[in-house]
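Take a look at the structure set out below.
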Amino acid sequence: MYRRTVRYPVEHPDRIPKERYFDADFYQLEAEQLWPRVWQMACRLEEIPHPHDVVEYEILDQSVIVTRTEDMGVRAFENACRHRGVKLVDGRTTCESGFVCPFHGWCYGADGTNVKVTQSKTFAAHNLEPDEIDLRPVRCEIWGGCAWINLDPEAPPLRQSLEPIASILDAWQVESMRAEWWRAIRLPVNWKLAQEAFVEQYHVVETHPQLVISGRFPPRSGEFDPQTFVEAELRYLRTMNEGMAGMVHASDVGVAEQLRDIELAGDAATAMATWHTTLNDAVVKHHRDAGSAMPDLNDLEARGVNEPMGYCFPHYFVLPMYSSASSYRFRPLGPEETLMEIWSMARFPEGEEPEPPSPPIPIDCDDPGLPPIPTQDFSNLPRQQRGLHTRGFEYMRLSETAEGHISNYQRVIDRYLSGQTHDEILPTLAEVNVNPLERPIVGLDS
Ligand code: FES
Ligand SMILES: [Fe+2]
């Protein structure tokens with residue numbers, strides 16, 4: 001098939017050309033060849049809890065209407081009146097009585113069918129062909145507690161496009177979580193740079209020194225002291241709770257505190273394993289006793305799916321920890337501007353779910369109201385975006401083992417940009433829809 005040449009491709013897997021993060025033509029190529037062809041997280045389902053609830057999802061210059069159907073499915077349309085293109089929905093609404101265009105009053109049913117053309121006799125018949133005056137459908141599917149849209153009718157189904165991480169996050173039962181808070185942050189950096197700040201652990205020692213807590217790992221020399229270990233673990237859990245305003249939920253920290261006096265016998269490895277399995281069981285019991293849906297954490301461990309992070313190409317992350325999770329979404333606002341959203345999610349007994357949080361007003365990345373851990377991550381980003389423009393700086397040089405995900409997903413982007421077919425790209429999605437942490441550079445053969 002026709003192949004486009006991509007300027008600034010990733011030619012050496014461990015080197016990422018700097019222009020990919022600011023070049024206007026590269027950004028434009030992403031707008032034409034990447035974003036219209038990929039599944040995008042359009043909203044959390046609690047934003048549209050009732051039939052006929054409607055939210056608008058915007059990506060670049062495209063706007064999509066996402067609706068709840070009578071049977072609690074989802075349906076989406078392009079957000080443009082078929083007469084002269086006025087956007088029908090701004091933000092949130094209901095389509096209980098369909099959609100009415102505010103300009104000349106054309107009306108559409110909740111299923112998108114045109115039900116009224118005002119003064120229709122003044123139009124030639126060829127401009128009112130029934131199929132052509134209905135709202136244009138957009139593909140929309142549900143997974144992981146969210147509605148997803150894809151502007152490409154040819155794209156493979158959502159679920160197939162998200163494996164293997166979809167199955168892993170299903171085992172975590174992420175769909176049963178609810179958002180406790182939701183923030184939006186405007187970052188003065190490229191969308192890829194923004195998300196790359198969160199896909200490796202290499203930065204933790206320098207950027208988040210408070211997370212480096214001695215005593216959490218077996219001592220290189222000398223005696224292992226179980227009490228020191230437990231105190232270090234508790235401090236880590238508290239720091240993760242405060243640092244992300246709930247990434248480890250306060251209730252789970254409370255459960256852990258009650259295990260403070262646990263007897264840990266044997267060598268370091270046995271003692272640490274006992275602590276982790278006991279804490280897992282206690283957290284599971286706490287939430288199940290309360291009536292919440294909660295996966296068996298030790299079972300996840302045994303099945304090898306106890307991943308602390310899941311990446312969904314190209315712009316959505318879930319980071320589960322014990323009973324809770326953070327999730328992130330990144331959207332480009334310009335070559336060097338990104339809207340990042342964070343949802344902090346937790347588990348609730350059925351019927352006791354909180355009201356969905358209101359759509360956030362975007363704040364700056366140095367807003368004093370942000371939790372300390374993302375504030376530390378954000379403090380590097382504007383400096384990095386500035387530094388990339390330096391004349392003598394050519395490309396990022398990646399660690400093959402610690403920063404492989406950055407290379408992997410950037411090379412998948414190149415496949416979209418060069419015009420590969422979905423069949424050609426699909427196998428490579430399975431290499432990036434994984435836990436990105438500690439992921440090496442992989443071959444993307446096909
Ligand atoms: S633009 Fe919608 S009715 Fe005219
Ligand atoms: Fe970080």
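General observations
- Subset of the stretch 35-75 (residues that are without any contact (Cβ under 8 Å) to a residue 40 or more places away in the chain and touching a Gly at 6+ places or on another chain (Cβ under 8 Å)): Val55, Glu56
- Residue in the stretch 116-131 that is in a strand (DSSP E or B), more than 30 Å from Trp172 (Cα to Cα), within 14 Å of ligand 1 (Cβ to nearest atom) and without any contact (Cβ under 8 Å) to a residue 40 or more places away in the chain present: yes
- Residue satisfying condition, being under 24 Å from Arg216 (Cα atoms), within 22 Å of the chain's Cα centre (by Cα) and assigned to a helix (DSSP H, G or I), within set Leu279, Leu319, Leu300: Leu300
- Any hit, the stretch 102-125, residues being of a type in the set (Ser, Thr, Tyr), more than 16 Å from ligand 2 (Cβ to nearest atom), over 28 Å from the mean Cα position of the chain (by Cα) and surrounded by 19 or more Cβ atoms within 10 Å (Cβ to Cβ): yes
- The stretch 216-259 - residue that is more than 20 Å from Met321 (Cβ to Cβ) and surrounded by 16 or more Cβ atoms within 10 Å (Cβ to Cβ) and, of those, nearest to ligand 1 (Cβ to nearest atom): Pro226
- Among residues of the stretch 206-218 that are away from ligand 2 (no atom under 16 Å from the Cβ), those with a Cβ under 7 angstrom from a residue that is assigned to a loop (DSSP other than H, G, I, E, B) and at pLDDT below 95, sequence gap 6+ or separate chain, pair up as Pro218/Phe224.
- Qualifying residue in the stretch 91-109 (condition: out of contact with any Ser or Thr (no Cβ under 6 Å at 6 or more places or on another chain) and in contact (Cβ under 8 Å) with a residue 60 or more places away in the chain): yes
- Of the candidates Glu337, Glu394, Glu403, Glu355, the single residue that is farther than 21 Å from Phe317 by Cβ, more than 16 Å from ligand 1 (Cβ to nearest atom), charged (D, E, K, R) and modelled with pLDDT of 95 or more is Glu394.
- Candidate set from the stretch 359-382 (those that are away from ligand 2 (no atom under 16 Å from the Cβ) and touching a residue at least 60 places away in the same chain (Cβ under 8 Å)); member that is surrounded by the fewest Cβ atoms within 10 Å (Cβ to Cβ): Ile361
- Residues of the stretch 90-115 that are away from ligand 1 (no atom under 16 Å from the Cβ) and on the phi > 0 side of the Ramachandran plot: Gly91 alone.
- Across the stretch 76-85, the qualifying residues are those that are surrounded by 14 or more Cβ atoms within 10 Å (Cβ to Cβ) and either among the aromatic types (Phe, Trp, Tyr) or within 10 Å of ligand 1 (Cβ to nearest atom) (or both), and the one among them that is farthest from Pro137 (Cα to Cα) is His83.
- Pair list, Cβ under 7 Å, 6 or more apart: the stretch 76-90 residue within 16 Å of Cys107 (Cβ to Cβ), other residue within 16 Å of ligand 2 (Cβ to nearest atom) and charged (D, E, K, R): none
- When the stretch 164-205 is filtered for residues that are acidic (Asp, Glu) and closer than 16 Å to Arg439 by Cβ, the ones remaining, listed by number, are Glu196, Glu200.
- Matching residues in the stretch 218-246 - criterion: being among the aromatic types (Phe, Trp, Tyr) and within 30 Å of the chain's Cα centre (by Cα): Tyr236
- Exactly one residue out of Glu154, Glu233, Glu141 is under 24 Å from Ile342 (Cα atoms) and in contact with a helix residue (DSSP H, G or I) (Cβ under 7 Å, 6 or more places away or on another chain), and it is Glu141.
- Those residues of the stretch 233-255 which are under 22 Å from Val318 (Cβ atoms) and not in a loop (DSSP other than H, G, I, E, B), in sequence order: Tyr236, Leu237, Thr239, Met240, Asn241, Glu242, Gly243, Ala250, Ser251, Asp252, Val253, Val255
The values are calculated or read from the model by the stated rules, or taken from the named source; none is laboratory data. Note that the structure is a prediction, hence the values are computed from the model and not measured. Don't worry about glycine lacking a Cβ; one is built from the backbone with ideal geometry, like all the others, and counts go over all protein chains shown.
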